[in-house]
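In what follows, a structure is listed as structure tokens, so that the remarks can point back to it.
The values are calculated or read from the model by the stated rules, or taken from the named source; none is laboratory data. Computed from a prediction, not measured in an experiment: that's the story for all the values here. Don't worry about glycine lacking a Cβ; one is built from the backbone with ideal geometry, like all the others, and counts go over all protein chains shown. Side chains are part of the model used for accessible areas, which takes the heavy atoms of the whole protein and leaves out ligands, DNA and RNA. Shrake-Rupley method; radii C 1.70, N 1.55, O 1.52, S 1.80 Å.
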Amino acid sequence: MVLTIYFSSVSGSRELKQQQSEIFQYLDAKQIMYKAVDITQDTSIKDEMRKRVGNPTAMPPQVFNGDAYCGDYPLFFEAVEDGKAEVFFKL
């Protein structure tokens, strides 16, 4: 399974940029392969992300392992703090 990270390359939110960066940095440091999908490239991608999450107002970053939804940044942060990142990413 390949991890898919939905993110936004265009955002005025410093917090959002930091959250996305933390997820990418974690995966890069652990040498975990992933596919980054930029929702700003096409509105259909954002719609796809929201449909997969099951929330019509979901915002990036959103993480999937194959078809399985892993979660968003708050869930990622909690998992890392608890030492359970592998569980979060469903690895």
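Observations on the model:
- Average accessible area per residue (Å²) across the chain - probe 1.4 Å, nucleic acids and ligands excluded: 62 Å²
- For the chain, a Kirkwood hydrodynamic radius built from all Cα pairs, placed in the Stokes-Einstein relation at 37 °C and 0.692 mPa s, yields a translational diffusion coefficient of 249 µm²/s.
- Accessible-area composition of the chain, carbon plus sulfur, in percent [1.4 Å probe]: 51 percent
- Residue-by-residue Karplus 3J(HN,Hα) for region 17-25, coefficients 6.51, -1.76, 1.60, Hz, glycine and proline x: 4, 5, 4, 4, 4, 4, 5, 4, 5
- Net charge contributed by nearby residues that have their C-beta within less than 14 Å of F88 (K/R +1, D/E -1): -3
- Furthest towards positive pole of dipole, C70, V80, S8, structure part the chain, Cβ charges: S8
- 3J(HN,Hα) along region 78-86, derived from phi through the Karplus expression 6.51 cos²θ - 1.76 cosθ + 1.60 where θ = phi - 60°, amounts to 4, 5, 5, 4, 8, x, 10, 4, 4 Hz, with x in place of Gly and Pro.
- In order through region 40-45: 3J(HN,Hα) via Karplus (6.51 cos²θ - 1.76 cosθ + 1.60), integer Hz, x for Gly, Pro: 7, 6, 6, 5, 5, 5
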